[in-house]
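Student: Below is a structure I'd like to ask you about.
The values are calculated or read from the model by the stated rules, or taken from the named source; none is laboratory data. All of these numbers come straight from a predicted model, not from anything done at the bench. We place every Cβ from the backbone using ideal geometry, glycine too, and count neighbours over all the protein chains shown. Ligands, DNA and RNA are excluded from the accessible area calculation, which covers all protein heavy atoms including side chains. Shrake-Rupley method; radii C 1.70, N 1.55, O 1.52, S 1.80 Å.
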Amino acid sequence: MATSLRRPSFTTCSSPTDTDDEGVRGTCEDASICKRFAVSIGYWQDPYIQHLVRLSKERKAPEINRGYFARVHGVSQLVKAFLRKTECNCQILNLGAGMDTTFWRLKDEDLLPSKYFEIDFPMIVTRKLHSIKLKPLLSKPILDLHSEDTLQMDGHILDSTRYAIIGADLRDIHELEEKLKKCNMNTQLPTLLIAECVLVYMTPEQSTNLLKWAAKSFETAMFINYEQVNMDDRFGQIMIENLRRRQCDLAGVETCKSLESQKERLLSSGWESASAIDMMELYSKLPRAEVSRIESLEFLDEMELLEQLMQHYCLCWATKGGSELGLKEITY
């Protein structure tokens, strides 16, 4: 029987937290626009992002576009490694997902997990749900995979057989867990958690609570974290000051001192193994043919600026359990 999306309610309640987090929500917009621009000039293929994000009239700098290419490629490689190790018999929790399109792109590659969850601020989720409802290219894959006659959807949540999007505050572990359970999160399944520039906007205590909850909740799991690193030097301080001027404070920046501090945070939170690589090193490991292709898209005037930028971001990943699956063997 055909499934239909019920008309969602888009009423939004403001709260003091909404105002406090305005700068953080703004970074979601910035990242989405940067990705959309990079896609528009051919850095990677993504037929879905245009339905979620407007195209900026302002041209983004080549080093920004290359940085996003490395980020998308790096995270994607680790995600696909986990999916192959588990033969897709797993679930993914994308924390602070924003306008991410990974669910749709994995479906195209026949690499969908048993269920894919996205979590973000309720205001961002409401906006994304509005786009999903209006754009058949986004809604049809969800409906095609849904096994029930009705689909649960309102302004802050959509739950279907293979995809769920939840409006929740990641700093409130109890609320997060309750909402995930209502959407049939299965703690017995191997679970991949993804956080891209998310933990750094929490205090160290808040992000540690989230990491400990994740390590404790799932017997077999992997955590991917992409965010800043080497933030103690002058370049790092300038980054912090620039964000602060936009009312966006990096509350967790003290955990971003080095690759070692990034790994130690994961290990001290209950994860059994941890690895980290800065994005310049990752860039040097990209397939040469792909690097040649993207470097031919735009002229880069200052390689030094790209190197500085990429040395201040990193990709970290940690695993727990899953020795029979070979999760510890996953590397970049």
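Student: Would you check if there is a residue in the stretch 239-247 being in a loop (DSSP other than H, G, I, E, B), at pLDDT 95 or above and at positive phi?
Tutor: The answer is no; no qualifying residue exists.
Student: Could I ask something else about it? Given (1) farther than 22 Å from LEU192 by Cα; (2) outside any helix (DSSP H, G or I); (3) among the aliphatic types (A, V, I, L, M), where does ALA97 come up short, assuming only one miss?
Tutor: Evaluating ALA97 over (1) farther than 22 Å from LEU192 by Cα; (2) outside any helix (DSSP H, G or I); (3) among the aliphatic types (A, V, I, L, M) leaves (1) as the failure.
Student: Give the residues of the stretch 100-129 that are hydrophobic (A, V, I, L, M, F, W, C) and either open to solvent by 10 Å² or more (accessible area, probe 1.4 Å) or part of a helix (DSSP H, G or I) (or both), sorted by residue number.
Tutor: Across the stretch 100-129, the qualifying residues are PHE103, TRP104, LEU106, LEU111, LEU112, PHE121, MET123, ILE124, VAL125, LEU129.
Residue by residue, here is whether (1) small (Gly, Ala, Ser); (2) closer than 23 Å to ASP120 by Cβ; (3) open to solvent by less than 60 Å² (accessible area, probe 1.4 Å) holds:
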site: GLN228; (1), (2), (3): no, yes, yes
site: PHE235; (1), (2), (3): no, no, yes
site: GLU241; (1), (2), (3): no, no, no
site: GLN247; (1), (2), (3): no, yes, no
site: SER258; (1), (2), (3): yes, no, yes
site: LEU282; (1), (2), (3): no, no, yes
site: ARG288; (1), (2), (3): no, no, no
site: SER296; (1), (2), (3): yes, no, no
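Student: Return the total of residues in the stretch 14-50 being open to solvent by 50 Å² or more (accessible area, probe 1.4 Å) and either at pLDDT 95 or above or more than 28 Å from ARG244 (Cβ to Cβ) (or both).
Tutor: Residues meeting the conditions: 4.
Student: Hey, could you check the stretch 130-149 for residues that are under 16 Å from THR102 (Cα atoms) and small (Gly, Ala, Ser) and say which is surrounded by the fewest Cβ atoms within 10 Å (Cβ to Cβ)?
Tutor: SER131
Student: Does LEU266 meet the test of being in contact with a strand residue (DSSP E or B) (Cβ under 7 Å, 6 or more places away or on another chain), crowded, with 19+ Cβ neighbours inside 10 Å and of a type outside the set (Asp, Glu)?
Tutor: yes
Student: Given SER131, SER207, which one is touching a Gly at 6+ places or on another chain (Cβ under 6 Å) and among the polar types (S, T, N, Q)?
Tutor: That would be SER207, the only listed residue that is touching a Gly at 6+ places or on another chain (Cβ under 6 Å) and among the polar types (S, T, N, Q).
Student: ILE64 is checked against (1) in a loop (DSSP other than H, G, I, E, B); (2) more than 29 Å from ILE173 (Cα to Cα); (3) open to solvent by 30 Å² or more (accessible area, probe 1.4 Å) and fails just one. What number does that condition carry?
Tutor: In the conditions (1) in a loop (DSSP other than H, G, I, E, B); (2) more than 29 Å from ILE173 (Cα to Cα); (3) open to solvent by 30 Å² or more (accessible area, probe 1.4 Å), ILE64 misses (1) alone.
Student: Only one of (1) within 22 Å of the chain's Cα centre (by Cα); (2) modelled with pLDDT of 95 or more fails for TYR332. Which number is that?
Tutor: Condition not satisfied by TYR332: (2).
Student: Moving on to the next point. Need a quick list: strands (runs of 3 or more DSSP E) entirely within the stretch 150-224 having at least 1 residues that are surrounded by 20 or more Cβ atoms within 10 Å (Cβ to Cβ) and at pLDDT 95 or above.
Tutor: Fully inside the stretch 150-224 and qualifying: 157-159, 163-167, 191-196.
Student: Mind counting the residues in the stretch 36-61 that are under 19 Å from MET280 (Cβ atoms) and assigned to a helix (DSSP H, G or I)?
Tutor: Number of matching residues: 1.
Student: Across the stretch 225-238, what is the number of residues that are under 19 Å from SER275 (Cα atoms) and either within 19 Å of the chain's Cα centre (by Cα) or in a helix (DSSP H, G or I) (or both)?
Tutor: Number of matching residues: 5.
Student: Sort out which residues of the stretch 137-149 are in a loop (DSSP other than H, G, I, E, B) and not hydroxyl-bearing (Ser, Thr, Tyr), and write them in order of number.
Tutor: Correct list: LEU145, HIS146, GLU148, ASP149.
Student: If you don't mind, there's one more thing I want to ask. Only one of these is hydroxyl-bearing (Ser, Thr, Tyr), within 22 Å of CYS316 (Cβ to Cβ) and surrounded by fewer than 19 Cβ atoms within 10 Å (Cβ to Cβ): SER76, SER56. Name it.
Tutor: Being hydroxyl-bearing (Ser, Thr, Tyr), within 22 Å of CYS316 (Cβ to Cβ) and surrounded by fewer than 19 Cβ atoms within 10 Å (Cβ to Cβ) holds for just one of SER76, SER56, which is SER76.
Student: So which residues in the stretch 83-99 are in contact with a Ser or Thr (Cβ under 9 Å, 6 or more places away or on another chain) and surrounded by 20 or more Cβ atoms within 10 Å (Cβ to Cβ)?
Tutor: Across the stretch 83-99, the qualifying residues are THR86, CYS90, GLN91, ILE92, LEU93, ASN94, GLY98, MET99.
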